[in-house]
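Each value in this text was obtained by applying a stated rule to the coordinates, not by laboratory testing. Owing to the predicted nature of the structure, the values given are computational and were not obtained by experimental measurement. Note: ideal-geometry Cβ built from the backbone for every residue, glycine included; neighbour counts use all protein chains shown.
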Amino acid sequence: MRVPFLDLEAQYSETREATDSAVSEILATGRYVLGKHNQALESRLAEMHGVRHGIAVNSGTDALRIALQAAGIGPGDEVITTAFTFVASVEVIVQLGATPVFVDIDPSTFQLDPEQLFPALTSRTKGVLPIHLFGQLAPMEPIARFAADHALTLFEDAAQAVASHCKGDFAGSWGKASGLSFYVTKNLGAAGDGGMVLTDDDEVAEKCRSLRVHGMGRERYFYDDIGYTSRMAEIQAAVLCAKLDRLDEWTQKRRELAAIYLDELREAPVVTPATLEGNHHTFHQFTIRCNDRDAVMAHLKAHEVDSAIYYPVPIHLHQPYEAFGHGAGSLPITEEVCQTCLSLPIHPHLSVEQVRFAAAKVREAASNPAGIA
Ligand SMILES: Cc1ncc(COP(=O)(O)O)c(C=O)c1O
């Protein structure tokens, strides 16, 4: 039984009618950027996440960079974040001339550990960027309290957390500005790249709208800022709107499959992911930890079960980022998690049988550290 990591064909076949008719209309009318599909996507996602503004851009990376820039992060500033993430979370801080300051994570949830924030504070700290990794919110109450107590700007990397919330407070509703990603593999994925800034702040929203078109002000060809080319194509917005109609159902399915994994792996010698209290986890990834990861991966591969390592090396140990960290051993939990984490297939087009099969293969291999592939 093959258990794939992703099934884009199945997503398309569920949304084909709405996608095809919108795409044909876009091509026929020639309104290729910043049109009604962009507007629909922006207002639907802003409303879902409980903020007044959504600004559609070209990628999740652009969304984060534009969010941070619009809210005033620049040269000389320090932004506290984590190193157990996709590189974009940190890359944008550096690109703005600011310095990322890494803190460690909670190994059971993979989220920023709020206890680590105070020791990382300096006179240059300007912002905090928690990452809602794998589909659940970071512990936002203590993080937001810390940011408020020290007059820091709070951001959210919500790239993996579309539709995620904690007790009804959605990703993107806590920070001054935050970024969603619609990269192909995300829970809401475009047919290519896409992203969105979410913000409740009118001024920040206006600046983001300007930054996505080169920093152009209200008057054409007059510039208020040094910005970017980061418009979202109407075709991408139409693809995303069609998938957004299915998102609740798809998220529910992910949650059901996660519950099956948790049940099937209850007694296995692996660590299953914990959900923070009150979190509505959308399971962008289902990530376990196991000591014998190579053996488990090999066994899964031999039985046609996909798996992936998110992330094999923490950001502070990659050569271009070494200058911003304190070397191996400085983030012990992050470093340990990078050596043991393994993400299993979870997406709405898997059957219960496929998930049970994948879990059984994990159980078999994890029970035998030598691997049985
Ligand atoms: C945590 C995180 N931050 C930022 C990004 C950047 O998003 P994108 O790939 O759309 O630029 C991603 C996605 O890949 C991500 O997973």
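A few comments on the model shown:
- Convex hull of the range 59-145 built on C-alpha atoms - directionally averaged projected area, nm²: 5.5
- Descending Cα extents along the principal axes, the chain, whole Å: 66, 54, 37
- The distance separating the Cα centre of the range 246-277 from that of the range 122-170 comes to 23 Å.
- Whether the range 247-366 is rounded, prolate or oblate, judged on the alpha carbon gyration tensor where a/c under 1.5 counts as rounded: prolate
- 5 angstrom amide H check on Phe170, placed H, neighbours 5+ away: none
- Label point distance in nm, Ser123-Ser330, each placed 7 Å from Cα along Cα→Cβ: 2.1
- Flagged links, alpha-carbon separation over 22 Å, of Lys176/Lys207; Lys126/Lys207; Lys36/Lys253; Lys176/Lys253; Lys36/Lys243; Lys126/Lys167: Lys36/Lys253; Lys176/Lys253; Lys126/Lys167
- With each label modelled as a point 7 angstrom along the Cα→C-beta vector, the Asp245-Ser351 pair spans 2.7 nm.
- Considering only beta bridges that DSSP places wholly inside the range 70-150, some 10 percent are antiparallel.
- CD proxy at 222 nm, helix term only [per DSSP H run n ≥ 4: -39500 (n - 2.57); per residue of the chain; nearest 500]: -12000 deg cm²/dmol
- Stretchable slack from Glu267 to Tyr12, in nm (0.36 nm times residue separation minus alpha-carbon distance): 88.1 nm
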